[in-house]
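To start, the structure itself, in structure tokens.
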Amino acid sequence: MRFKSNRYKRAAQQFSREPVSLIEAVEKVKSFESTKFDQSIECVMHLGIDPKQADQTIRGSISLPHGIGKQKKVIAFCENSDIEAAKKAGAVEAGCDELIKKISDGWMDFDVSVASTKVMSKVGKLGRVLGPQGKMPSPKNGTVTDDVPTAVAEFVAGKIEFRNDAGGNVHVVVGKQSFENQKLIGNIEAFITHIKKIKPATAKGTYIKKVSISATMSPNVVVGV
């Protein structure tokens, strides 16, 4: 708390850390002192998985029912025949060899990369560059596909990727503070439901241990599950 802003400290004094309903949690996060920008709302789920076990990795993508209030910069690794369609779908860059070289030379001004299955053998050489930033295309999160234009359109519109961290946590942006309460609630419920559906068969004990939501510059509020 020593390094938190005065705004954060004031917000932290307004509530207890006891779990509340999702409706109450959203109301509380939205009631915190506002900033000069529209803060993102994030949902964090602490899961009862062993992150060291490959068969317990939680990874994928989901289109939330009300979007996240932000368009993403998407690029597409594809064959020449798909370049025009990918750009019409919203890709800021599309292509193969030239795009791979551009990224190899240091260009990284994008949020998501989508790749055609036909060119992944070439894109693989970017693993060391894109992997650490979470931007490497992967079949597991829907960014390697035979239908590049559709994937581009989905991610531009706000489809989100997720992957558990080393502590067994999964966190995603679920909207903006300016969203109507019901839209935030709908997005959070959709995400929680999705995570429940993809529970690894090898995960034992309590699967969802804790759920919390917070704004960019606010304390987290624990949601009862």
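Considering region 86-114, the residues that are under 14 Å from residue 154 (Cβ atoms) and of a type in the set (Gly, Ala, Ser) include one that is surrounded by the fewest Cβ atoms within 10 Å (Cβ to Cβ), namely 90. Against the test of being in contact with a strand residue (DSSP E or B) (Cβ under 9 Å, 6 or more places away or on another chain), surrounded by fewer than 20 Cβ atoms within 10 Å (Cβ to Cβ) and either touching a residue at least 24 places away in the same chain (Cβ under 8 Å) or not in a strand (DSSP E or B) (or both), the options 225, 211, 172 yield a single qualifying residue, 225.
Applying the selection to region 32-68, what residues are farther than 26 Å from residue 155 by Cβ and free of Cβ contacts under 8 Å to residues at least 12 places away in the same chain? Listed by number, the residues that qualify are 36, 52.
With of a type in the set (D, E, K, R) and crowded, with 17+ Cβ neighbours inside 10 Å as the only criterion, which of 204, 159, 125 stands out? Before you say what the answer is, go through the steps one by one.
Working: 204 fails: crowded, with 17+ Cβ neighbours inside 10 Å; 125 fails: crowded, with 17+ Cβ neighbours inside 10 Å.
Within the list 204, 159, 125, the selection yields 159.
Note on region 97-141: residues that are within 21 Å of the chain's Cα centre (by Cα) and aromatic (Phe, Trp, Tyr) total 1.
The condition of being in contact with a Leu (Cβ under 9 Å, 6 or more places away or on another chain), closer than 25 Å to residue 55 by Cα and among the aromatic types (Phe, Trp, Tyr) does not hold for residue 162.
Name the residue that is surrounded by the most Cβ atoms within 10 Å (Cβ to Cβ), counting only residues in region 38-61 that are of a type in the set (D, E, K, R) and under 16 Å from the mean Cα position of the chain (by Cα). Give the derivation first.
Step one: of region 38-61, the residues of a type in the set (D, E, K, R) are 38, 42, 50, 52, 55, 59.
From what's left, under 16 Å from the mean Cα position of the chain (by Cα): 42, 59.
On the way: 42: 18, 59: 13.
Among residues in region 38-61 that are of a type in the set (D, E, K, R) and under 16 Å from the mean Cα position of the chain (by Cα), the one surrounded by the most Cβ atoms within 10 Å (Cβ to Cβ) is 42.
Answer yes or no as to whether residue 139 is assigned by TED's automatic domain parsing to the domain that holds residue 90, of a type outside the set (Phe, Trp, Tyr), surrounded by fewer than 15 Cβ atoms within 10 Å (Cβ to Cβ) and out of contact with any Cys (no Cβ under 8 Å at 6 or more places or on another chain). Judged against the criteria, residue 139 is a match. The residues listed here are 40, 116; of these, the one that is in contact with a strand residue (DSSP E or B) (Cβ under 7 Å, 6 or more places away or on another chain) and in the same structural domain as residue 152 (by TED's automatic domain parsing) is 116.
The values are calculated or read from the model by the stated rules, or taken from the named source; none is laboratory data. Please read these numbers as outputs of a predicted model, since none were measured by experiment. Cβ atoms come from the backbone with ideal geometry, glycine included; neighbour counts cover every protein chain shown.
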